[in-house]
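The values are calculated or read from the model by the stated rules, or taken from the named source; none is laboratory data. These numbers come from a predicted model, not from an experiment. For neighbour counting, all protein chains shown are included, and Cβ atoms are generated from backbone atoms with ideal geometry for every residue, glycine included. With ligands, DNA and RNA removed, areas are computed over all heavy atoms of the protein, side chains included. Shrake-Rupley method; radii C 1.70, N 1.55, O 1.52, S 1.80 Å.
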Amino acid sequence: MLLATFFLSISLNLADSFLVLKKAYLPNPSLVGWGICMPLLFGPLLYLYTESILYKDFKFSKNKWVHFLPFIILFIGTETQIFLRDREEQLAIINNIVDRKIPTIFYWSSALIFLQFFAYISASFNLINKYKKIASNKFSDQERTNISWLSSTIIFFTFCMIVAAFNGFARLTPLSKYYYLFLTIIVLLIFIFINRVLLKALKKPEIFSLIEEKESVVPDPVTPKYPNSNLNEADKKKILEQLRQLMEAGKPYLEPELTLEQLASQLSLRPKILSQVINESLQQNFFDFVNRYRIEEAKKLLTNPADKKITVLEVLYDVGFNSKSSFNTLFKKHTGLTPSEFKKKNLQ
């Protein structure tokens, strides 16, 4: 719903610009300018969409409407100013826009709108970074922590906004003859992006809704603080020893979708306690901790396999990975070699 509203606001803004430049409002000049405030919706809608993807308890509550106050206020103010003018003044507004005789205050207003948009983009990336930190401390499966498609979506529309801004200001220069060309390019880029990237990424949106809103304010999970914890160093060492025994004997890391909660359950611990031990005693998050074991197991299979014909693909599935790209990335991060290079080097 939020994403659809975002696309609708873009479409309405573009449609209004096109109708003004084509003087389509001349029969009813009081209609001019209804879409000029639409860019004030772009930032809030992208930010709230990011929240809806990442928060499993996301609700469009009353306090969310605060994000739309600038749009509501400016829209009412703008439309009131236009409706209070007589027909001749309304026609003059249209002609001034077409002739590029726009008051300076309009450009200052546009600059503030762009600043508002980039403030929301910054907030969206901040939210994504918090999600990554929290998810990496709960899940061992990279598919549950990888939301690069969402980052790409935000970056793409930020690029479109920059191009649109350039196109708008270019109308005051000799480059104005390329206005419609740039406008067409923007529309085509959005259409291509929706069809090739966004629709594919949205097939399983539920796998990303993993955290609650209150969790987004926790400290950095790699070196978190546990002010209410009663664990002393002796307790940590005892739990760490139990954890290592379980990892070596039971090999729970072979389960591709192993979570912090599942592993804590096998040790009869609360997830928060296990998380604290991994974070503070090993200086790792849960994701890195589990996948280090998987990489070590993969190295054994590649170095001394029972079946000499075993493939890298078979190995990655055997040790708990379900993605070739994530396996290759993590394997090279830990060994400096790709799995194939490592296998070739150690089987010679």
Taking Cα atoms only, helix 271-282 is inclined relative to the longest principal axis of the chain by an angle, in degrees rounded to 10, of 80 degrees
How large is ³J(HN,Hα), in whole Hz, for each residue of segment 77-91 in order, when computed from phi with the Karplus curve 6.51 cos²θ - 1.76 cosθ + 1.60 and θ = phi - 60°, using x for Gly and Pro?
x, 5, 5, 5, 4, 6, 5, 6, 7, 7, 4, 5, 5, 5, 5
Modelling each spin label as a point 7 Å along the Cα-to-Cβ direction, I'd like the Ile102/Asn195 distance in nm, to one decimal.
3.0 nm
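Out of every Cα pair in segment 224-301, what percent are spaced more than 15 Å from each other?
Values: 1637 of 3003 pairs.
Considering segment 224-301, 55 percent of its Cα-Cα pairs are separated by more than 15 Å.
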What do you get for the angle between helix 104-136 and the principal long axis of the chain? Use alpha-carbon atoms, 0 to 90 degrees, nearest ten.
10 degrees
Relative contact order (%) - criterion: Cα under 8 Å, at least six apart; region: segment 221-301
38 percent
Which of Val66, Val290, Val319 fluctuates most in a GNM of the chain (C-alpha springs under 10 Å)? That residue is Val66
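For Cα pairs less than 8 Å apart in space and 6+ apart in sequence, what is the mean separation divided by the residue count of segment 11-76, i.e. the relative contact order in percent? Walk me through the numbers on the way to the answer.
On the way: 34 pairs, mean separation 21.9, N = 66.
RCO, segment 11-76: 33 percent.
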Residues whose modelled amide H sits under 5 Å from the amide H of Val319, counting only those 5 or more places away in sequence or on another chain, are none
Could you look at segment 272-348 and say what percent of its accessible area is carbon and sulfur, using a 1.4 Å probe and all protein chains?
50 percent
Length gained when the stretch Thr338-Ser110 is fully extended (0.36 nm per residue, less Cα-Cα span)
77.1 nm
Apply 1/(1 + (r/R0)^6) to the Cβ-Cβ distance of Thr5 and Ala234, taking R0 = 45 Å, and write down the FRET efficiency to the nearest 0.05.
0.25
Checked against the positive end of the charge dipole of segment 1-116 (+1 on Cβ of Lys and Arg, -1 on Cβ of Asp and Glu, about the Cα centre), the farthest of Gln116, Phe60, Pro103 is Phe60
What ³J(HN,Hα) values, in whole Hz, does the Karplus curve 6.51 cos²θ - 1.76 cosθ + 1.60 give for segment 288-297 when θ = phi - 60°, with x put for Gly and Pro?
5, 4, 5, 6, 5, 5, 5, 5, 5, 5
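Distance cut-off 24 Å, Cα to Cα: go down the list Lys56/Lys332; Lys251/Lys299; Lys138/Lys343; Lys238/Lys332; Lys237/Lys333; Lys236/Lys300 and report the pairs above it.
Details: Lys56/Lys332 33 Å; Lys251/Lys299 15 Å; Lys138/Lys343 31 Å; Lys238/Lys332 32 Å; Lys237/Lys333 28 Å; Lys236/Lys300 29 Å.
Table pairs above 24 Å Cα-Cα are Lys56/Lys332; Lys138/Lys343; Lys238/Lys332; Lys237/Lys333; Lys236/Lys300.
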What is the P(r) of the chain, as percent of Cα-Cα pairs per 20 Å bin from 0?
24, 41, 24, 10, 0
Would you mind putting 23-34, 134-145 in packing order, based on average other-beta-carbon counts within 10 Å, highest first?
134-145, 23-34
Given the DSSP H assignment, sum -39500 (n - 2.57) over each helix run of at least 4 residues in the chain and divide by its residue total; what's the result at 222 nm in deg cm²/dmol, nearest 500?
-20500 deg cm²/dmol
Can you work out the accessible area per residue across the chain, with the rest of the protein chains kept in place, probe 1.4 Å, in square angstrom?
55 Å²
What is the distance in Å between the Cα centroid of segment 25-97 and that of segment 281-301?
51 Å
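To the nearest whole percent, what portion of all C-alpha pairs in segment 1-87 is separated by more than 18 angstrom?
On the way: 1960 of 3741 pairs.
Value for segment 1-87: 52 percent of Cα pairs lie more than 18 Å apart.
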Can you tell me the relative contact order of the chain? Whole percent, Cα pairs under 8 Å, sequence separation 6 or more.
17 percent
Test item: Cα-centred dipole of the chain, Lys/Arg +1 and Asp/Glu -1 on Cβ, debye
760 debye
Whole-percent pair-distance distribution, where bins are 5 Å wide, for the alpha carbons of segment 43-165:
2, 8, 14, 17, 15, 13, 10, 7, 6, 4, 2, 2, 1, 0
